[in-house]
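I have placed the structure first, in the form of structure tokens, so that the comments after it can refer back to it.
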Amino acid sequence: MRGLHRAAWPIAALLVGYPLWWVLGFGGLSVIVLAVPMGLILLRRRPIRAPRGFGLWLLLLAGYLVSALMLDEMPPGTYGELGAGRVIGYVMRLLLYLSLMIMVLYLGNLTEQELPQLTLVRMLGTLFVTTVVGGLLGVIAPHADFTSPVERILPGWVSGNPFVRNLIHPTTAQVQKVLGHASPRPEAPFEWANAWGSNISVLLIWFVVGWWVYGGPRRRLAVAPLIALAAIPIVYSLNRGLWIGLGVATAYLFLRLGSRARVVVCSATACGALVFFLSPLQAMVAQRLDSPHSNDIRAFTVSATVAAASTSPIIGYGNTRNATGNHRTVTTGKTDWCDTCGHPPLGSDGQIWHLLITQGFVGAALYVAFFTGAVRRHWRDRSPIGLAGVLVMILTLLYMFVYDGLVTPLSLYLISFALLWRNSVAGRTT
């Protein structure tokens, strides 16, 4: 981006350059790579400022370090033994937590001259456009994938780990039988279909702020067509959490905006709803709502996660565990007579459940307190960035029940948190 201060290039490389990271096989792991230059920039400008409430994040990080003591333990109702996969998953998550901490401090310590708020918002808007393109690619070519350079370099015992493979092997969609037949759920350029759903809703908020609220005539002309294109993969994602999140966002804007802006929101919502109900997409949504097969799976994993976490409520178990059996059978793994049997990882159905199994009830409480505190502190910020940032914090608390925060979603949540922090420092609250 022309005229960008050199201190701001790491975040530009992360957001604007994200498609390249995805192709290379870094994807969500790119924040770990870029945390190095961010950290070096921070070291040169001590003392380092920290936002209010950041101590909760530091406690969350400290708790994760302590939870490593439990990596070799097995809670009741699970099976397996300590191996390379469990250790790799723990180390990667630890590096991500540390990198995200550095990223927030880096963003908050850059001046407005080095990285203007609007520039950061528009970088997120650019990533929204990338996400729409990736979503459309997932609909058009759902089986497309390729071996990334990172995947070629890593030894097989690392790249073959399921968690690692999802991060380093680029795919356009997850093809699943959510509707009773194989259907694509877009995920490019992110690691999972659910990550795509969470990310596009957050990025849509910042896209509207950067391209409509603060946009010139040409940017504003592009807003409606891009959102209309985004609706296609949003529906094809079959992602009920995303759909609920968009409904919550609409209700939030109606309650918090002024009367003139409410008319705009209502008019845009009504027009969008009319076009949607006249399109073939509404039939797919109706099918998804009539196919709640994943409810039983979620109910099983959530109840099993809570039961396991209750046996180590203070520090958890450091990483996820495989459940013995699933919601259909007490056997574990696929067999000739049960090809749908499996062992769902406990803590895989939402960030709050992930935290329960990895860091216990204390870790989950710290996470909730961190984002709830952000909502409380910035609620009075009625600037466009303040309203958008608080909305993202609310969606973060909503999505923690259905989406894993790691890898890319948590990066976007914390960039949004940093935008709120920067806004409060600059005093832009109206």
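The values are calculated or read from the model by the stated rules, or taken from the named source; none is laboratory data. Computed from a predicted model, the values in this text were never measured in an experiment. Neighbour counts are summed over all protein chains in view; Cβ atoms, including those assigned to glycine, are modelled from backbone coordinates with ideal geometry. SASA here: full protein model, heavy atoms, side chains in, ligands and nucleic acids out. Shrake-Rupley method; radii C 1.70, N 1.55, O 1.52, S 1.80 Å.
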| remark: LEU20: passes all of (1) open to solvent by 60 Å² or more (accessible area, probe 1.4 Å); (2) out of contact with any helix residue (DSSP H, G or I) (no Cβ under 6 Å at 6 or more places or on another chain); (3) touching a residue at least 60 places away in the same chain (Cβ under 8 Å) but (3)
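Residue-wise test of (1) exposed (fewer than 13 other Cβ atoms within 10 Å of the Cβ); (2) closer than 16 Å to PHE128 by Cα; (3) modelled with pLDDT under 90.
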| residue | (1), (2), (3) |
| --- | --- |
| ALA249 | no, no, no |
| PHE254 | no, no, yes |
| SER259 | yes, no, yes |
| ARG262 | no, no, yes |
| THR269 | no, no, yes |
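Of all residues in segment 35-53, which are under 30 Å from ASN166 (Cα atoms) and either open to solvent by 40 Å² or more (accessible area, probe 1.4 Å) or without any contact (Cβ under 8 Å) to a residue 60 or more places away in the chain (or both)?
At the first step, the residues of segment 35-53 found to be under 30 Å from ASN166 (Cα atoms) are 35-40.
Answer for segment 35-53, where residues must be under 30 Å from ASN166 (Cα atoms) and either open to solvent by 40 Å² or more (accessible area, probe 1.4 Å) or without any contact (Cβ under 8 Å) to a residue 60 or more places away in the chain (or both): VAL36, PRO37, LEU40.
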| request: Give segment 128-168 a look and list any residue that's open to solvent by less than 70 Å² (accessible area, probe 1.4 Å), assigned to a helix (DSSP H, G or I) and either more than 20 Å from VAL407 (Cα to Cα) or at pLDDT below 90 (or both), or say none. | output: LEU136, VAL139, GLY156, VAL158, SER159, PHE163, VAL164, ASN166, LEU167
| message | Just to be sure before I move on: is SER383 farther than 24 Å from GLU191 by Cβ, open to solvent by 10 Å² or more (accessible area, probe 1.4 Å) and not β-branched (Val, Ile, Thr) in the structure I sent? | response | no
| message | Exactly one of these conditions fails for ASN194: (1) touching a strand residue (DSSP E or B) at 6+ places or on another chain (Cβ under 9 Å); (2) within 21 Å of PRO345 (Cα to Cα); (3) not in a helix (DSSP H, G or I). Give me its number. | response | (3)
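Being closer than 24 Å to ALA309 by Cα, surrounded by fewer than 16 Cβ atoms within 10 Å (Cβ to Cβ) and aromatic (Phe, Trp, Tyr) narrows it down to one of TYR90, TYR79, TYR64, so name that one. I'd like the intermediate steps shown before the answer.
Details: TYR90 fails: surrounded by fewer than 16 Cβ atoms within 10 Å (Cβ to Cβ); TYR64 fails: surrounded by fewer than 16 Cβ atoms within 10 Å (Cβ to Cβ).
Being closer than 24 Å to ALA309 by Cα, surrounded by fewer than 16 Cβ atoms within 10 Å (Cβ to Cβ) and aromatic (Phe, Trp, Tyr) holds for just one of TYR90, TYR79, TYR64, which is TYR79.
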| query | Can you tell me which residues in segment 93-113 are buried (at least 19 other Cβ atoms within 10 Å of the Cβ) and closer than 25 Å to GLY160 by Cα? | reply | ARG93, LEU96, SER99
| Could we say that GLY347 is closer than 21 Å to LEU58 by Cβ and modelled with pLDDT under 95 here? | no
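Mind checking whether some residue in segment 169-184 is in a helix (DSSP H, G or I) and touching a helix residue (DSSP H, G or I) at 6+ places or on another chain (Cβ under 9 Å)? Please lay out each step first, then the result.
Quick first cut of segment 169-184, residues in a helix (DSSP H, G or I) only: none.
Checked against the condition, which is being in a helix (DSSP H, G or I) and touching a helix residue (DSSP H, G or I) at 6+ places or on another chain (Cβ under 9 Å), segment 169-184 yields no hits at all.
When you scan segment 285-301, do you find a residue that is surrounded by 13 or more Cβ atoms within 10 Å (Cβ to Cβ) and at pLDDT 85 or above, even just one?
First, pick out the residues of segment 285-301 that are surrounded by 13 or more Cβ atoms within 10 Å (Cβ to Cβ): 285, 287-288, 291, 294, 297-298, 300-301.
Checking which are at pLDDT 85 or above leaves us with 301.
Yes, the conditions are met somewhere in segment 285-301.
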| field | Residues that are surrounded by fewer than 19 Cβ atoms within 10 Å (Cβ to Cβ) and either touching a residue at least 40 places away in the same chain (Cβ under 8 Å) or in contact with a strand residue (DSSP E or B) (Cβ under 6 Å, 6 or more places away or on another chain) (or both), drawn from segment 1-15 | value | MET1, LEU4, HIS5, ALA12
| said: Can you pull out every residue in segment 1-56 that is aromatic (Phe, Trp, Tyr) and more than 26 Å from THR147 (Cα to Cα)? | reply: TRP9, PHE54
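Open to solvent by less than 40 Å² (accessible area, probe 1.4 Å) and either within 30 Å of LEU4 (Cβ to Cβ) or without any contact (Cβ under 8 Å) to a residue 24 or more places away in the chain (or both), is that true of PHE207? Spell out the reasoning first.
On the way: open to solvent by less than 40 Å² (accessible area, probe 1.4 Å): yes; either within 30 Å of LEU4 (Cβ to Cβ) or without any contact (Cβ under 8 Å) to a residue 24 or more places away in the chain (or both): yes.
Yes: the conditions hold for PHE207.
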| remark: Checking TYR403, TYR399 in turn, the sole residue that is aromatic (Phe, Trp, Tyr), open to solvent by less than 30 Å² (accessible area, probe 1.4 Å) and at pLDDT below 95 turns out to be TYR403
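Considering only residues that are open to solvent by 10 Å² or more (accessible area, probe 1.4 Å) and farther than 19 Å from VAL213 by Cα, look in segment 413-425 and name the one that is modelled with the highest pLDDT. Before the answer, list the steps.
Pass one, segment 413-425, residues open to solvent by 10 Å² or more (accessible area, probe 1.4 Å): 421-422, 424-425.
From the residues that got through so far, the ones that are farther than 19 Å from VAL213 by Cα too are 421, 424-425.
On the way: TRP421: 97, SER424: 90, VAL425: 87.
Of everything passing the filter in segment 413-425, TRP421 is modelled with the highest pLDDT.
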| message | List the residue pairs whose Cβ atoms are under 7 Å apart, where the first residue sits in segment 367-384 and is touching a residue at least 24 places away in the same chain (Cβ under 8 Å), the second is loosely packed, with under 15 Cβ neighbours inside 10 Å, and the two are 6 or more positions apart or on different chains. | response | ARG377/ARG52; ARG380/THR429; ASP381/THR429; ARG382/THR429; ARG382/THR430; SER383/THR429; SER383/THR430
| message | The conditions are (1) open to solvent by less than 10 Å² (accessible area, probe 1.4 Å); (2) free of Cβ contacts under 8 Å to residues at least 60 places away in the same chain, and PRO189 fails exactly one of them. Which is it? | response | (2)
| said: Any residue that is within 16 Å of GLY53 (Cα to Cα), part of a helix (DSSP H, G or I), touching a Leu at 6+ places or on another chain (Cβ under 7 Å) and modelled with pLDDT of 95 or more - is there at least one of those in segment 376-388? | reply: yes
